[in-house]
Amino acid sequence: MTEQPATRAQPMRIAVVGAGPVGLSLALQLRQLGADAELHVFDAQPDGAAALADPRVLALSEGSRQLLHALGAWPREAATAIRRIHVSQCAPGLASLPRVLLRADEAGLPALGYTVRYGELLGALQAAARVAGIDVRYACPVHAQQHAGAARLLGQGGAALEHPDFDLAVLAEGGAFHNQEQRELHHDYAQTALVGEVRCEHPHDGLAVERFTEHGPVALLPRGADYALVWCVPPTQARTMLELDVAAQTRALQELLPAVCGRIRELRLFGSYALGLNARVRTRRGRLVQLGNAAQTLHPVAGQGLNLGLRDSAALARALAGASTRQLDSALLRYDLARIPDRAALLGLTDLLARGFTWRQPGAAALRAGALAMLSGCWPLRRALQQRMVFGWRQ
Ligand SMILES: Cc1cc2nc3c(=O)[nH]c(=O)nc-3n(C[C@H](O)[C@H](O)[C@H](O)COP(=O)(O)OP(=O)(O)OC[C@H]3O[C@@H](n4cnc5c(N)ncnc54)[C@H](O)[C@@H]3O)c2cc1C
């Protein structure tokens, strides 16, 4: 009897909706891990150049740098290392104001993290995708829905695509599909992030500054020779602040900063972003998986949104790489379970920091000072926190 040749399983058809940093890093990882998958990447932007001008400066952890470097998508020339992080609160009524200094050398790392502009990072990912032969279909806003145990994509206005059916649709569109208030975890922090650039009297020498104020956190991130600024204020104050002249803006910011920065020499505010916590408890419905900001939008207080999204993408790529189409549902279940600790811990920690440092109840400032003093004095606690902020919470 002649043996029948084994029929080769069809490659998995995967749609990635959104060619932002999370969607592109997933596509690249799937390619790198040799997943048996036919990849289709869609983006709503008219072309790949549109988002390269996004001025937002992101702090990426050493863990994210390693991931991006392995994909050939680390914009090394554009990145500035964060070697120390100075954390303190602005509480004028308190006699002693403890501060915490996190240091890369103490943690045995070359850097605690790096800053890079969103546009620079996206440019590096787009270049790596081109090298890997991943085509992105731009000017193609799509919507995904469950269909017959799989996923179907529809074009804008419900129009049918030529080949609309996929084994899996990964939604990495940044949360554009959802009415944010309908997500299970929702909180409006009543804060707006003003972003800009600051030059201070003292060179930063790799120092990042996180200052908690009663209206929201202020972060200075080393960026080239200057600092990138993320200044969280109530929305009405944000509007007023943007209308003030530079001298008045500078005075307002100077009052909030710790002495370690020295005097502000130059300040330029150039944009604002509304802030909220919007997250899903379950990030998957059947063959639709939400990833990155589509799964959770965090307050930028701990600079963790994209770091978490990149870890989501790494876990999903690992789960899919070893699976055939028949094993897809069990691979997705493994992915769901693997992501619970990291997501839960970071959602909780970010929310606690964003809310806890604005509590004005009597004794709250002293309690926060106590927490900072404890962190400052307890190296094992600091080390545990640093490790998790850099590499995430693992199972
Ligand atoms: C002020 C500020 C500071 C921040 N700082 C930090 C930080 O220091 N560190 C950090 O880790 N994170 C930070 N973040 C968060 C970080 O910017 C996000 O987590 C990150 O951009 C999420 O990436 P993403 O790929 O999931 O989504 P996005 O970056 O939003 O990309 C989504 C992509 O999907 C496309 N798209 C949208 N709709 C559709 C559609 N219908 N069809 C097809 N494509 C679509 C869009 O065009 C876009 O290209 C900050 C955010 C803000 C606002």
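The values are calculated or read from the model by the stated rules, or taken from the named source; none is laboratory data. All values derive from a computational prediction rather than experimental measurement. For neighbour counting, all protein chains shown are included, and Cβ atoms are generated from backbone atoms with ideal geometry for every residue, glycine included.
Residue-wise test of (1) touching a His at 6+ places or on another chain (Cβ under 9 Å); (2) free of Cβ contacts under 8 Å to residues at least 60 places away in the same chain; (3) among the aliphatic types (A, V, I, L, M).
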position	(1), (2), (3)
Arg83	no, no, no
Arg99	yes, no, no
Ala111	no, no, yes
Thr115	no, no, no
Leu125	no, no, yes
key: Residue among Leu333, Leu337, Leu346 that is in a helix (DSSP H, G or I), out of contact with any strand residue (DSSP E or B) (no Cβ under 7 Å at 6 or more places or on another chain), over 24 Å from His143 (Cβ atoms) and within 16 Å of the ligand (Cβ to nearest atom)   = Leu346
task = Restrict the check to region 38-52 and report whether at least one residue is modelled with pLDDT of 95 or more and more than 23 Å from Ala295 (Cα to Cα).
result = yes
ask   = For region 319-332, does any single residue satisfy the condition of being hydrophobic (A, V, I, L, M, F, W, C), surrounded by 15 or more Cβ atoms within 10 Å (Cβ to Cβ) and under 24 Å from Arg117 (Cα atoms)?
value = no
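Just checking, how many residues over region 228-259 are small (Gly, Ala, Ser), assigned to a helix (DSSP H, G or I) and touching a residue at least 24 places away in the same chain (Cβ under 8 Å)?
Quick first cut of region 228-259, residues small (Gly, Ala, Ser) only: 228, 238, 247-248, 252, 259.
Restricting the remaining residues to those that are assigned to a helix (DSSP H, G or I) gives 238, 247-248, 252, 259.
Applying the additional criterion that residues be touching a residue at least 24 places away in the same chain (Cβ under 8 Å) yields 238.
Residues meeting the conditions: 1.
So, of the residues in region 25-44 that are within 13 Å of the ligand (Cβ to nearest atom) and in a helix (DSSP H, G or I), which turns out to be surrounded by the fewest Cβ atoms within 10 Å (Cβ to Cβ)?
Leu28
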Residues being loosely packed, with under 14 Cβ neighbours inside 10 Å and farther than 18 Å from Asp188 by Cβ - total across region 349-361 = 1
ask   = Inside region 104-176, counting only strands (runs of 3 or more DSSP E) that do not spill past its ends, which hold 1 or more residues that are within 12 Å of the ligand (Cβ to nearest atom) and not aliphatic (A, V, I, L, M)?
value = 113-117, 142-147, 150-155
Checklist (1) among the hydrophobic types (A, V, I, L, M, F, W, C); (2) within 15 Å of the ligand (Cβ to nearest atom); (3) in contact with a helix residue (DSSP H, G or I) (Cβ under 7 Å, 6 or more places away or on another chain); (4) modelled with pLDDT of 80 or more applied to Ala321, failing item = (2)
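Every residue, every condition in (1) buried (at least 21 other Cβ atoms within 10 Å of the Cβ); (2) within 16 Å of the ligand (Cβ to nearest atom); (3) assigned to a strand (DSSP E or B); (4) in contact (Cβ under 8 Å) with a residue 40 or more places away in the chain, yes or no:
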{"residue": "Arg13", "(1), (2), (3), (4)": "no, no, yes, yes"}
{"residue": "Gly23", "(1), (2), (3), (4)": "yes, yes, no, yes"}
{"residue": "Pro46", "(1), (2), (3), (4)": "no, yes, no, yes"}
{"residue": "Leu52", "(1), (2), (3), (4)": "no, yes, no, yes"}
{"residue": "Pro55", "(1), (2), (3), (4)": "no, yes, no, yes"}
{"residue": "Gly63", "(1), (2), (3), (4)": "no, yes, no, yes"}
{"residue": "Gln66", "(1), (2), (3), (4)": "no, yes, no, no"}
{"residue": "Gly72", "(1), (2), (3), (4)": "no, no, no, yes"}
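Considering each of Leu194, Leu121, Leu185 in turn, give the residue that is in contact with a strand residue (DSSP E or B) (Cβ under 9 Å, 6 or more places away or on another chain), surrounded by fewer than 17 Cβ atoms within 10 Å (Cβ to Cβ) and not polar (S, T, N, Q).
Exactly one of Leu194, Leu121, Leu185 is in contact with a strand residue (DSSP E or B) (Cβ under 9 Å, 6 or more places away or on another chain), surrounded by fewer than 17 Cβ atoms within 10 Å (Cβ to Cβ) and not polar (S, T, N, Q), namely Leu185.
Can you pull out every residue in region 74-103 that is part of a loop (DSSP other than H, G, I, E, B), among the aliphatic types (A, V, I, L, M) and out of contact with any Cys (no Cβ under 9 Å at 6 or more places or on another chain)?
Pass one, region 74-103, residues part of a loop (DSSP other than H, G, I, E, B): 74-75, 79, 83, 90-98.
Add one more test, that the residue is among the aliphatic types (A, V, I, L, M), and what stays is 79, 91, 94-95, 97.
Listed by number, the residues that qualify are Ala79, Ala91, Leu94, Ala95.
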inquiry  = What's the number of the only condition in (1) surrounded by fewer than 19 Cβ atoms within 10 Å (Cβ to Cβ); (2) within 19 Å of Gln191 (Cα to Cα) that Ala364 fails to meet?
reply    = (2)
query = Would region 265-285 turn up any residue that is surrounded by fewer than 14 Cβ atoms within 10 Å (Cβ to Cβ) and more than 26 Å from the chain's Cα centre (by Cα)?
reply = yes
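With the structure loaded, tell me whether Ala364 is closer than 28 Å to Ala104 by Cβ and either within 17 Å of the chain's Cα centre (by Cα) or hydrophobic (A, V, I, L, M, F, W, C) (or both) or whether it fails that test.
Working: closer than 28 Å to Ala104 by Cβ: no; either within 17 Å of the chain's Cα centre (by Cα) or hydrophobic (A, V, I, L, M, F, W, C) (or both): yes.
Here the answer is no, as Ala364 does not meet what is asked.
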remark   = Sole miss for Asp226 among (1) within 28 Å of Leu68 (Cα to Cα); (2) out of contact with any Leu (no Cβ under 8 Å at 6 or more places or on another chain); (3) within 11 Å of the ligand (Cβ to nearest atom) is condition (3)
note = Restricted to region 260-316 and to residues being part of a helix (DSSP H, G or I) and away from the ligand (no atom under 14 Å from the Cβ), the residue modelled with the highest pLDDT is Ala315
